[in-house]
Amino acid sequence: MVYNSKLNAARKAIEYIEDGLVVGIGSGTTVEIFIKELGKKIVNENIEITGVASSLKSHMLAVESGIAVSDLIQFPEPDIYVDGADQIDLQFNCIKGGGAALTREKIVAHASKKFVVIVDSSKIVEKLHMPVPVEIIPFAYGYVEKKIRQCGGRITLREGGGKFGPVVSDNGNLIADCDFGVLNEPEELEKTINFIPGVLENGIFSKEIVDSVIAGEEGGVKVLK
Ligand code: 5RP
């Protein structure tokens with residue numbers, strides 16, 4: 001079951017958390033498990049942790065789980081950032097943003113001293129190939145759509161579930177999924193997309209910022225980096 005793989009990855013990441021750390025908290029179902037496990041660790045070991053959450057959902061779940069939550073204003077350099085990924089290649093480049101939180105996720109990933117990716121092993125692929133989530137300022141959408149097409153991407157505005165109309169990010173922007181096929185040069189594409197005026201951020205997280213990768217499996221974990 002994928003749940004057990006995610007749980008195993010989350011539990012391994014919990015081993016990296018020590019008393020007094022400021023912990024960047026990512027978003028998604030794997031991180032949800034991490035947050036709950038972190039809440040348990042705080043109680044069981046009577047330790048003090050401060051979380052910096054990358055989405056409203058993670059912030060709320062952290063509060064529910066008994067984690068003190070602050071922000072990058074107070075803690076501009078969290079000790080560690082733990083987050084999931086939608087795809088990760090053999091060089092450890094990632095695509096993120098399945099939960100539309102990519103911009104804040106990338107900010108916290110860059111801000112933190114160490115970025116630990118937790119995934120179930122089905123996320124690991126030889127080359128990245130899923131559509132790249134892109135956060136776009138609504139005013140610029142038509143222009144960005146044209147530029148993404150000129151760059152060879154097929155762009156689809158992400159529609160909301162439980163809402164009529166497009167997904168709106170925690171920053172009040174649109175999310176589009178841009179299909180470029182197989183990404184042979186993800187780092188170049190990351191820069192190219194971000195160079196388009198009106199693009200706030202995109203979901204390619206290049207390998208340079210990834211410090212550790214924990215891949216959970218049904219019966220255990222592999223620490224790949
Ligand atoms: C959210 C993300 C998530 O980390 C990514 O979508 C993985 O989620 P999950 O753990 O649910 O598979 O980037 O924006």
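No lab work stands behind these numbers, since they all come straight from the coordinates. All figures in this text were calculated on a predicted structure; none of them were measured in a lab. No Cβ is skipped: glycine too gets one built from the backbone with ideal geometry, and neighbour counts run over all protein chains shown.
The HN-Hα couplings worked out from phi for the range 130-147 by the Karplus form 6.51 cos²θ - 1.76 cosθ + 1.60 (θ = phi - 60°) are 7, x, 8, x, 10, 8, 10, 5, x, 3, 9, 3, x, 5, 5, 4, 4, 5 Hz, whole numbers, x standing for Gly and Pro. Sequence-ordered 3J(HN,Hα) estimates for the range 55-62 from the Karplus curve with 6.51, -1.76 and 1.60 and θ = phi - 60° stand at 7, 4, 4, 5, 4, 5, 5, 5 Hz, glycine and proline given as x. Angle of helix 2-14 to the longest C-alpha principal axis of the chain, folded into 0 to 90 degrees and rounded to 10: 60°. Our analysis of the chain gives Rg over Rh at 0.97, with the two radii drawn from alpha carbon positions and Rh computed by the Kirkwood formula.
Here the translational diffusion coefficient of the range 100-161 follows from Stokes-Einstein with Rh set to the Kirkwood radius across Cα pairs; for 4 °C and 1.567 mPa s it amounts to 89 µm²/s. Within the listed set G181, G142, G66, the Gaussian network model of the chain (springs between alpha-carbon atoms below 10 Å) gives the highest mean-square fluctuation for G142.
In this structure the amide hydrogen of L128, modeled in the peptide plane, comes within under 5 Å of the amide hydrogens of L183, none closer than 5 places in sequence on its chain. Each of the peptides 89-102, 148-161, 9-22 was scored by the mean count of other Cβ atoms within 10 Å over its residues; in descending order, highest first, they stand as 89-102, 9-22, 148-161.
How high is the relative contact order of the chain, in percent, counting Cα pairs under 8 Å that sit 6 or more residues apart? Relative contact order for the chain comes out at 24 percent. Sequence-ordered 3J(HN,Hα) estimates for the range 89-106 from the Karplus curve with 6.51, -1.76 and 1.60 and θ = phi - 60° stand at 8, 6, 8, 6, 6, 10, 10, 10, x, x, x, 6, 9, 4, 5, 5, 4, 5 Hz, glycine and proline given as x.
When the chain is treated as a GNM with alpha-carbon contacts under 10 Å, the residue of F34, F164, F139 showing the greatest mean-square fluctuation is F164.
Kirkwood hydrodynamic radius of the range 60-159, from the reciprocal of the average inverse Cα-Cα distance over all distinct pairs: 15.8 Å.
Relative to one another, the C-alpha centroids of the range 192-225 and the range 108-132 are positioned 3 Å apart. Counted over all Cα-Cα pairs of the range 132-202, pairs farther apart than 15 Å make up 48 percent. Computed on the range 95-188, with alpha-carbon pairs under 8 angstrom and 6+ residues apart, the relative contact order is 34 percent. If you run the Gaussian network model on the chain, springs between alpha carbon atoms under 10 Å, then out of I67, I196, I80 the most flexible one is I196. Taking every DSSP helix (H) stretch of at least 4 residues in the chain, weighting each as -39,500 (n - 2.57) and dividing the sum by the residue count yields a mean residue ellipticity at 222 nm of -9000 deg cm²/dmol. For the range 1-72, the alpha carbon convex hull comes to 76 Å³ per residue, rounded to a whole number.
Going from the residue with the fewest nearby Cβ atoms within 10 Å to the one with the most, S5, S27, S206 rank S206, S5, S27.
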